[in-house]
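The values are calculated or read from the model by the stated rules, or taken from the named source; none is laboratory data. Remember, predicted model here, so these are calculated numbers, not experimental data. Virtual Cβ from ideal backbone geometry, glycine too; neighbours counted across all protein chains shown. The area values use the complete protein model at the heavy-atom level, side chains included, leaving out ligands, DNA and RNA. Shrake-Rupley method; radii C 1.70, N 1.55, O 1.52, S 1.80 Å.
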Amino acid sequence: MFKLQMPVLEPKSHWKGSRSSSSSMPTVSVGRDRLFAALGKSYTQEEFEDLCFKFGIELDDVTTEKAIIRKERHLDEEDEEVGDDEEIIYKIEVPANRYDLLCLEGIAQALRIFNEQEQTPTYTLANITQDSMLKMHVQPETSLIRPFVVCAVLRDITFDEASYNSFIDLQDKLHQNICRRRTLVAIGTHDLDTLQGPFTYEALHPENINFVPLKQEKNFRADELMEFYKSDMKLKKFLHIIENSPVYPIIYDSKRTVLSLPPIINGAHSAITLKTKNVFIECTATDLTKASIVLNTMVTTFSAYCQRKFEVEPVKVIYSDGKSYVYPDLSVYNMEVPLSYITGSIGVSLAAEKVTSLLNRMQLRAEHSVFDDNKCNINVLIPPTRSDVLHPCDVMEDVAIAYGYNDIPKRRLPSMKPLPLNQLEDLIRAEIAMNGFTEVLTWILCSYRENFASLNREDDQSSAVIIGNPRSSDFEVVRTSLMPGALKIIGHNKDHPKPIKIFEVGDIALLDESKDVGATNRRHLAALYCGTNSGFELIHSLVDRIMEVMGTPFVPIGDNTGYYIQRSNEPEFLPGRQASIIYKGKHFGNFGIVHPQVLNNFVITDPCSFLEIDIEHFL
């Protein structure tokens with residue numbers, strides 16, 4: 001077994017859909033009894049797992065409030081300190097781009113619609129004139145740090161303890177997810193009855209900002225607040241976003257009462273409580289699109305608790321250049337998707353009426369239209385809650401989910417037929433393995449030095465694809481040869497019993513102006529022998545065996561009906577102990593004894609012979 005001391009590729013079992021703990025899918029913790037009450041029905045655990053699977057989410061874990069508290073406090077099971085609360089908690093894993101499912105309210109509503117217990121709600125803006133709207137004035141200095149702000153109001157909202165906690169938890173989930181730990185978007189929620197509009201969004205020097213932050217009684221200057229929160233386990237991780245900026249973002253009401261110092265902390269004056277009836281929501285951002293998605297998620301989810309359900313009061317945001325915008329944008333947008341695309345992609349013949357019914361269960365209002373040529377389109381209305389629907393393939397995926405993946409008949413897709421190049425590769429790999437060589441797999445990226453200087457080569461600026469702004473010096477260039485990877489493996493396995501016989505079939509990349517991306521991939525075969533002697537004759541015989549398997553005869557030099565070898569002068573090989581392979585008149589590859597200086601560059605003490613050919617020439 002060879003070891004390669006390089007970063008290890010993550011196994012496919014850890015990709016999306018895996019139950020591995022390394023998965024990046026968000027997990028939402030909800031009380032089982034409250035969830036079942038919201039669904040209007042109780043389920044056994046097996047029934048609920050089945051419902052989640054059908055909808056495309058997953059019941060990841062079942063625990064209790066007491067167990068969570070014990071884990072947080074590092075207590076033993078027999079410890080009596082935590083009380084008697086034994087509420088069952090469901091931990092539900094949801095797709096990373098389904099921001100509407102990051103709280104109990106969103107999950108419950110989606111499952112009710114999926115079960116056809118209710119229709120998708122229609123979200124509306126309160127019917128008020130622009131003159132009577134609350135206004136947020138944006139000062140030009142904010143462009144130096146967080147240039148965008150979007151706002152909305154939830155009027156006559158009623159919180160209980162559970163919904164209030166869910167409201168706060170949704171903000172935290174959004175901050176961790178789409179907001180990228182508040183770097184892109186920061187959410188502030190306030191008791192509107194404690195404030196007086198209009199509001200201003202400004203950027204001031206830290207010493208000019210003074211206010212009492214949330215959960216504090218003392219007045220702090222903004223720069224003092226940065227020092228104060230460096231010992232706060234929750235907030236210290238956000239300080240870096242603004243602490244080195246000459247100006248800090250700040251939001252005031254008309255009486256110069258501070259609403260928030262985004263993205264760090266809200267002011268204590270406007271803190272919301274269980275008694276809050278009118279909630280003012282502001283989202284400051286460096287990404288306006290994500291800010292709009294976050295605001296829409298907050299207001300659509302919790303407008304269900306307002307006296308006028310699913311109605312949101314808009315706020316007018318006015319910039320210093322005179323441009324103004326009304327938020328939130330709760331408009332739906334139309335997407336036309338051919339029925340043939342949906343059914344063809346899924347592999348099931350479905351009537352248009354069936355497709356629209358399935359989409360309605362996924363919160364996508366749909367209807368079909370038939371044209372003169374009998375082609376049918378599905379007209380889909382995308383609500384503001386479904387920011388994840390960006391392309392017809394997203395619509396098709398929702399149809400497949402609602403139909404049931406387990407109900408889709410298995411069939412061999414035409415696209416599953418192997419490509420000729422892959423078939424050729426498999427043939428060659430099997431043949432070389434039968435000749436006693438062990439297959440290896442190395443990175444397609446390598447360092448600039450390994451690709452050139454370590455192989456005694458010079459960069460002619462015409463072949464290698466250079467990586468812009470590489471994260472590591474180990475990944476600066478796309479390899480132009482399989483040789484560096486093979487030599488690195490030998491260098492890291494010097495203590496392995498000799499001889500070592502390895503091979504690899506993989507892609508290299510070369511600059512190519514005729515391609516739309518400016519480069520092309522070529523499939524190469526490399527084989528390396530390392531032992532007490534060079535093994536040149538073994539590598540030479542491997543060339544002959546490959547050609548024999550491919551039905552290519554050895555011919556005299558100049559004959560283009562087969563292959564022949566001729567002297568070469570490549571810097572990575574020992575002079576006089578190397579050759580070029582000419583296949584049907586074209587240079588096909590090289591083999592030879594590796595130059596001692598190259599071996600020294602890779603810290604290899606034993607002689608090696610190496611072969612590399614471009615197998616695409618066989619096609």
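Some values worked out for this structure:
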read-out: Set Lys255/Lys290; Lys417/Lys515; Lys41/Lys290; Lys501/Lys584; Lys275/Lys316; Lys54/Lys417 screened for pairs whose C-alpha atoms are more than 32 Å apart; value: Lys41/Lys290
read-out: Options (i) 96, 76, 49; (ii) 75, 61, 50; (iii) 93, 65, 64 - which one matches Cα extents along the principal axes in Å as calculated here; value: (iii)
read-out: Probe 1.4 Å, accessible area per residue of the chain, Å²; value: 50
read-out: Two-site label geometry, Glu118 and Ser462: point separation in nm, points 7 Å out along Cα→Cβ; value: 6.9
read-out: Inter-probe distance in nm under a simple model that places probes 7 Å from Cα toward Cβ, at Arg567 and Ala162; value: 8.8
read-out: Distance in nm between pseudo-label sites at Gln176 and Gln139 (7 Å out along the Cβ direction from Cα); value: 3.5
read-out: Accessible surface of the chain [probe 1.4 Å, protein heavy atoms]: carbon and sulfur percent; value: 50
read-out: Whole-number D in µm² s⁻¹ for region 244-326, Kirkwood Cα-pair radius fed into Stokes-Einstein, 4 °C, 1.567 mPa s; value: 87
read-out: Region 403-475 versus region 509-575: alpha-carbon centroid distance in Å; value: 18
read-out: Using a Förster distance of 56 Å, the FRET efficiency for Ser349-Lys234 (Cβ separation, nearest 0.05); value: 0.55
read-out: Theoretical gain in end-to-end length, Glu86 to Ala433 [0.36 nm per residue, Cα-Cα removed]; value: 119.0 nm
read-out: Long pairs among Lys215/Lys236; Lys236/Lys277; Lys91/Lys410; Lys277/Lys309, criterion Cα-Cα beyond 21 Å; value: Lys236/Lys277; Lys91/Lys410
read-out: Segment Asn533-Leu619, length gained on full extension (0.36 nm per residue, minus Cα span); value: 27.5 nm
